[in-house]
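Before any comments, here is the structure.
The values are calculated or read from the model by the stated rules, or taken from the named source; none is laboratory data. Please read all numbers here as calculations on a predicted model, not as lab measurements. Cβ sites come from the backbone with ideal geometry, for glycine too, and all protein chains shown count toward neighbours.
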Amino acid sequence: MKILFSILISITFAFASDATIEVIKKVDSLPSIAVEDSSEYKDETFKLKFFKTLIADLNVLSIFNVDRYHIISSYDTNTVDVRNKAMDYVLKYNIQDYGDGFLLQMKLISDGNIILGKKYKISDSKKYMFVAHTMAYEINEFMGQPSIEWIKKKVIFSRIVGPKKSEIVIADYALAYQHIVVKGGFNVFPKWSSQKQDGFYYTSLNEREPTLKYVDTHTGSVKNIISSEGMMTCSDVSDDGSKLLLTMAPNSQPDIYIYDVATNIYSKLTQYRGIDVGAQFMGDDKIAFISNRLGYPNIFSKDLKTGYIEQMVYYGRNNSACSANGEYVIYKARESSNAFSKNTFNLHMISTKTDFIRRLTASGVNEFPRFSKDADAVLFIKNYKNQSSIGIIRLNHNKNYLFPLKYGKLQAMDW
């Protein structure tokens, strides 16, 4: 019974092209930008999809007031459309056919002058969204903003598509690109194996025991890593990819283990006679994890050198699904307790050095937060009114954006 309960807790802890702004707490005075499409590409549907993806990316930058009108113009002139005369910036681009892909030229214009120009070539037009993401990244760099390397990274997620049926999918952050990499059976909790995103781990529930597997994304090869009775999940990978934090219950007791990838040796990090799950690295010598040692789920930390365990969250009585980055921890907290309707679970961020608490979401079930490497953004899963979405929070800009999943329900994800 304890194993079943711990699996349910773990899943609860874990458990598209147009961006929509969910929360804006203040209206900033931002420079305006418009986009003019000068494409010679023959596919009109494709041209509109690219435009909408680029507009979404510019919105997610959170440094412009973005005009959403699809305006067609000539690329050969630096003169902007009359409707854009009052804009601070105008982005012009031209897409041309190139085999199965396309060539793209772009220029950013201000006061009639080209201030940034770029060219892109891609061999597969199905991956057009990554060109849009790169354009947004380079505009952000040109504007002198903090780096948003995360916008070019891929997201991996599992979605439930039927009873005991799931798919693991690699996508861009906005879900415009989706490629199914594992299907058939019940496979959950995917986790990138390194910052290079050249492989990933996932839990297979199709064998006699829950089994952690590794997939090489270049070769497609799959190998078994480790199995355990009761449960088996990889909740975090060290920055260099050499260590894994696992939740296992080999003796009907869910605890945190650390696994060495090179030697295949693992050791137990927690000893509590209850439920310890979902650990995250907080540097080389400290972890954050979820435990019911207070009688309800809450966030704790453990110093791996001294063994000292400390309660981290004192707000709420049902806190779970944490993500750590330096001194900051984001966790999921139940905001209501209603036996007759769905409850609200919001994300909160705390600092380990102060009493700072910041609520990041406002409605629905928000879970599985994941910091970007630079702590500029947080990716999370949102389920609200039978719609499952990936959300992104721009922490420094105080804005949330949602990208809905077309089918299935998001179970877990990583980036």
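Restricting attention to segment 385-403, which residues are surrounded by fewer than 19 Cβ atoms within 10 Å (Cβ to Cβ) and farther than 13 Å from Val60 by Cα?
Selection gives Lys385, Asn386, Gln387.
Given the condition under 30 Å from the mean Cα position of the chain (by Cα) and assigned to a strand (DSSP E or B), answer yes or no: does some residue in segment 79-89 qualify?
Yes, because at least one residue in segment 79-89 is under 30 Å from the mean Cα position of the chain (by Cα) and assigned to a strand (DSSP E or B).
Return the residue satisfying two criteria in turn: it lies in segment 294-317 and is outside any strand (DSSP E or B) and crowded, with 17+ Cβ neighbours inside 10 Å, and of such residues it is modelled with the lowest pLDDT.
Gly316
Can you name every residue in segment 366-384 that is closer than 16 Å to Val60 by Cβ and aliphatic (A, V, I, L, M)?
Selection gives Ala377, Val378, Leu379.
State whether one or more residues within segment 262-273 are in a strand (DSSP E or B), at pLDDT 95 or above, out of contact with any Pro (no Cβ under 7 Å at 6 or more places or on another chain) and hydroxyl-bearing (Ser, Thr, Tyr).
Yes.
Go through the residues of segment 96-105 one by one and say whether even a single one is under 31 Å from the mean Cα position of the chain (by Cα), part of a helix (DSSP H, G or I) and loosely packed, with under 14 Cβ neighbours inside 10 Å.
no
Among residues belonging to segment 114-154 that are touching a Leu at 6+ places or on another chain (Cβ under 9 Å) and part of a loop (DSSP other than H, G, I, E, B), point out the one that is modelled with the highest pLDDT.
Met143
Can you confirm whether Ser336 is assigned to a strand (DSSP E or B), assigned by TED's automatic domain parsing to the domain that holds Asp239 and surrounded by fewer than 16 Cβ atoms within 10 Å (Cβ to Cβ)?
Answer is no for this residue.
Being modelled with pLDDT under 95, of a type outside the set (S, T, N, Q), surrounded by 13 or more Cβ atoms within 10 Å (Cβ to Cβ) and within 30 Å of Asn292 (Cα to Cα) is the requirement here; does Lys47 meet it?
No: the conditions fail for Lys47.
Scan segment 225-258 residue by residue and report those that are outside any strand (DSSP E or B), of a type outside the set (Ser, Thr, Tyr) and within 22 Å of the chain's Cα centre (by Cα).
Asp239, Asp240, Gly241
Val60 - would you say it is under 23 Å from Asn346 (Cβ atoms) and either modelled with pLDDT of 95 or more or not β-branched (Val, Ile, Thr) (or both)?
When the stated conditions are applied, Val60 passes them.
Could you grab me the full set of residues in segment 86-100 that are at pLDDT 95 or above and not aliphatic (A, V, I, L, M)?
Asp88, Tyr89, Lys92, Tyr93, Asn94
Filtering segment 236-255 down to residues that are touching a helix residue (DSSP H, G or I) at 6+ places or on another chain (Cβ under 9 Å) and closer than 16 Å to Gly278 by Cα, which residue is surrounded by the most Cβ atoms within 10 Å (Cβ to Cβ)?
Here the residue is Thr247.
Collect the residues in segment 351-388 that are in a strand (DSSP E or B), more than 19 Å from Arg334 (Cα to Cα) and of a type in the set (Ser, Thr, Tyr), keeping them in residue-number order.
Scanning segment 351-388 gives a single hit, Ser351.
So Lys191 fits all but one of (1) part of a strand (DSSP E or B); (2) surrounded by fewer than 20 Cβ atoms within 10 Å (Cβ to Cβ); what number is the exception?
Evaluating Lys191 over (1) part of a strand (DSSP E or B); (2) surrounded by fewer than 20 Cβ atoms within 10 Å (Cβ to Cβ) leaves (2) as the failure.
If you check Met232 against the conditions, is it over 24 Å from Gly316 (Cβ atoms) and surrounded by 16 or more Cβ atoms within 10 Å (Cβ to Cβ)?
Yes: the conditions hold for Met232.
So which of Lys118, Lys92 is surrounded by 21 or more Cβ atoms within 10 Å (Cβ to Cβ) and of a type in the set (D, E, K, R)?
The match here is Lys92.
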